[in-house]
Amino acid sequence: MSTVETATKILDTMLGHLGIPATVESEQTQDGPCLQIRSTESKTIIGREGDRLDDLQYLVNRVLRRQFPKAERIKVDCEHYRTIREDQMATEIREIAARVRSTGKSHQLRPLNAYYRRMVHNILISEEGIVGHSPEGEDRLKRITVSVKSPTAGS
């Protein structure tokens with residue numbers, strides 16, 4: 001059984017134990033494998049601002065890595081919620097970067113988990129003269145500060 005098939009089985013089992021009727025389909029995205037959940041209970045699965053979806057993704061990957069320590073990261077989505085949210089967030093980050101570039105004033109983002117922080121940093125790489133900084137520490141949610149790259153900073 002492949003890692004994606006195993007991850008699908010893990011997620012399907014979790015949803016079954018939670019009593020949530022759903023079907024899970026795997027699809028390949030540019031970011032790697034994604035398990036797409038389809039359910040009449042999508043709002044329950046997604047949670048507030050995707051927090052339950054984040055938790056399901058975290059658990060699927062943790063359980064999967066116990067069996068396959070080198071398994072690639074599996075994305076878990078429901079009714080394309082993450083895809084839509086990521087597109088909206090990318091637009092928002094680019095607008096913030098443009099505002100920071102024009103005003104010179106730093107902007108602190110709302111608290112984000114590691115997945116979304118990585119996404120923000122990847123977007124900011126392509127934004128000329130803009131840099132993002134995350135605080136150190138073990139907190140699950142951290143705020144990225146978007147600011148103008150100082151002239152003395154390395155490229």
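Brief remarks follow.
- Charge sum, other residues only, whose C-beta stays under 12 Å from residue 111's C-beta, Lys/Arg counted +1 and Asp/Glu -1: +2
- Positive-pole candidate from 144, 39, 81, dipole of the chain, charges at beta carbon: 144
- Along principal axes, Cα extents of the chain, largest first, whole Å: 53, 32, 28
- Nearest-ten-degree value, helix 51-67 long axis tilted from longest Cα axis of the chain: 70
- Over segment 3-79, the reciprocal of the mean inverse Cα-Cα separation, the Kirkwood hydrodynamic radius, stands at 12.3 Å.
- Residue 62 versus residue 99: modelled label distance in nm, points set 7 Å from Cα along the beta carbon direction: 3.5
- Cα convex hull of segment 63-109, projected area averaged across orientations, nm²: 5.2
- The chain, helix-only ellipticity at 222 nm - DSSP H runs n ≥ 4, -39,500 (n - 2.57), divided by all residues, nearest 500: -15000 deg cm²/dmol
- If you model segment 78-155 as an ellipsoid using its alpha carbon gyration tensor, with each semi-axis the square root of five times an eigenvalue, the axes come out at 22, 16, 10 Å, biggest first.
- Ignoring lysines fewer than eight residues from residue 9 along the same chain, the ones with Cα atoms less than 25 angstrom from its Cα are 43, 70, 75.
Every number here is computed from the coordinates shown, using simple stated rules; none is lab data. The structure displayed is predicted, hence computed values, not measured ones. Please note: Cβ atoms are built from the backbone with ideal geometry, for glycine as well, and neighbour counts cover all protein chains shown.
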